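Only one structure is covered here, and it is reproduced in the block below.
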Amino acid sequence: MMPKNPAPLPRPETALGADEAQALADLFRRGTPENTLRAQAGDLAYIAAWKRAAFGTDPAWPESEAVALRFILDHSVDLSAATGPARAAAEALIAAGLRRSLACPAPATLDRRIASWRAFHRLRNLASPFEAPLIAQARGRARRAAARPRARKSA
């Protein structure tokens, strides 16, 4: 069963014909676990909705470092007492059913969404803004700042 909104598939800049490009897309789809496709589809929907709420535009390929840094900053603080564009974007995501609360997301959730965003860049053979030293350091600091005791998922 395929997810409703599959993640972006490879679009090589080489001189592939339509049949070869479709075969490559099918190869990537068949070679990627179903749960990964489903998670990436959800992450792509979230990222696109966040970018529209925060900047009024769709994701760009490649994305700018400023947008990547803003994503980390918007997702590394509790927005309950905040005002401004970060809170407005979070409220739009809550209204769309893509975010549960204004609380800071779990570091694992932020890491997974960033990993998906990086994978979308790789699939398009593009450099990811999350590889920049400043962005990587901000990610590490956000992870440490949001550190909380790990909760068990099940008994």
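Readers should treat all values here as calculations from the given coordinates under stated rules, not as data from a laboratory. Nothing here was measured: the structure is a model prediction, and the numbers come from that model.
Computed values, structure above
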| quantity | calculated |
| --- | --- |
| Rg/Rh for the stretch 26-117, where both radii come from Cα atoms and Rh is the Kirkwood radius | 0.99 |
| Estimated vicinal HN-Hα couplings, Hz - the stretch 121-127 in sequence order (Karplus 6.51, -1.76, 1.60; Gly, Pro = x) | 5, 4, 4, 9, 6, 10, 6 |
| Phi to ³J(HN,Hα) by Karplus 6.51 cos²θ - 1.76 cosθ + 1.60 over the stretch 26-32, Hz, x for Gly, Pro | 5, 4, 5, 5, 5, x, 10 |
| Relative contact order of the chain, pairs being alpha-carbon contacts under 8 Å that are 6 or more residues apart, as % | 28 percent |
| Tensor-based shape of the chain (alpha-carbon gyration tensor, a/c under 1.5 rounded, otherwise prolate or oblate) | prolate |
| Karplus 3J(HN,Hα) series, Hz, for the stretch 87-92 with 6.51 cos²θ - 1.76 cosθ + 1.60 (x for Gly, Pro) | 5, 4, 5, 5, 5, 5 |
